[in-house]
1. For residue 355, work out the one condition from (1) touching a strand residue (DSSP E or B) at 6+ places or on another chain (Cβ under 6 Å); (2) part of a loop (DSSP other than H, G, I, E, B); (3) not assigned by TED's automatic domain parsing to the domain that holds residue 254 it doesn't fulfil.
2. Can you tell me which residue within the range 14-35, out of those that are buried (at least 17 other Cβ atoms within 10 Å of the Cβ) and in a helix (DSSP H, G or I), is modelled with the lowest pLDDT?
3. Condition test on residue 223, is it more than 30 Å from residue 368 (Cα to Cα), in a loop (DSSP other than H, G, I, E, B), out of contact with any strand residue (DSSP E or B) (no Cβ under 6 Å at 6 or more places or on another chain) and in contact (Cβ under 8 Å) with a residue 60 or more places away in the chain?
4. Given the criteria within 28 Å of residue 239 (Cβ to Cβ), modelled with pLDDT of 95 or more and crowded, with 22+ Cβ neighbours inside 10 Å, does residue 38 qualify?
5. Test residue 267 against the criterion of being assigned to a loop (DSSP other than H, G, I, E, B) and either without any contact (Cβ under 8 Å) to a residue 40 or more places away in the chain or under 22 Å from residue 128 (Cα atoms) (or both), and give yes or no.
6. Within the bounds of the range 182-202, is there any residue that is closer than 16 Å to residue 154 by Cβ and exposed (fewer than 14 other Cβ atoms within 10 Å of the Cβ)?
7. Does the range 308-315 contain any residue that is loosely packed, with under 13 Cβ neighbours inside 10 Å and in a helix (DSSP H, G or I)?
8. Name the residues in the range 273-294 that are in a strand (DSSP E or B) and either within 29 Å of the chain's Cα centre (by Cα) or in contact (Cβ under 8 Å) with a residue 60 or more places away in the chain (or both), would you?
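The values are calculated or read from the model by the stated rules, or taken from the named source; none is laboratory data. Keep in mind that this is a model prediction, so the values were computed, not measured. When we count neighbours, we look across all protein chains shown, and the Cβ atoms used for this are built from the backbone with ideal geometry, even at glycine.
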């Protein structure tokens, strides 16, 4: 059985939820439809004509890419232009394109964590906070004989996290009263008669990101026709997600040694670097893509070096004078996401017994040559 397009994207959004993307980012379905079976998925950094040809040869129905194919509003669609030809091929071959960009950068276990891990950066935390989950107290009243089923459903859907503790809840036994009126089909009691039922009050914490999932799971398992529950917004902060990562280098090395590590682990033939090659690197920061503007964030957090792409001349001069080293492996270093996303999605589909195949694109979309 092949997964439907919407199912594939539901799994993808478990890894990189849309709501954590930076404001204005062009993410989501950009071309085609998800209302179809997906026999094969291609994970790509960019979508150019070579990538589309690769997708066609593999029988792909859906491309999940990091960089948008429609970044600015289209005023026309001419198929005799380079990008117009790409759109035409995608449409004629019924290949949908879905974009996961800054949401994949920001999420835990996403782009910036993969890059930090590859470079040996430990205990990494975000360079800049982007999204903080809102917290809610969920209170629901459940008949005693259904208490455990409803509690398990709520907690397994993601409720009950406090720090690194999961399945946190408070449960208090008591009595609930209600009178079923005309037109009702009560689980307990009779129409027109006051009912007094043994119930359990369940209290737990949920985040905004799992709120819908938890409520749906609760309603599905709850036996009552009309479920009594409350959601209270809390002033406490939930999990904070952010852009970039900074942390200590597992074993301090010289800048020259760290440069070689960047080239090897990010699979780039050359980098641009500033500073003294003999400098000791004890703490490092990384930002996938174009992150030159974050050098002050990295310096404030005590980093000796910032690894990021697309650094301009004046930014390099300013950072050099301020005493922080920069390493620019290019924007294409983000290709680390291709096998990572492919493996994650393969496992998720296999877990649910789907036959949908997932490929990591083999096309190198680096526009620059190194001589």
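1. Unmet for residue 355, out of (1) touching a strand residue (DSSP E or B) at 6+ places or on another chain (Cβ under 6 Å); (2) part of a loop (DSSP other than H, G, I, E, B); (3) not assigned by TED's automatic domain parsing to the domain that holds residue 254: (1).
2. Per the stated criteria, the residue is 20.
3. yes
4. no
5. no
6. No, because not a single residue in the range 182-202 is closer than 16 Å to residue 154 by Cβ and exposed (fewer than 14 other Cβ atoms within 10 Å of the Cβ).
7. yes
8. Answer for the range 273-294, where residues must be in a strand (DSSP E or B) and either within 29 Å of the chain's Cα centre (by Cα) or in contact (Cβ under 8 Å) with a residue 60 or more places away in the chain (or both): 282, 283, 284, 285, 286, 287, 288, 289, 290.
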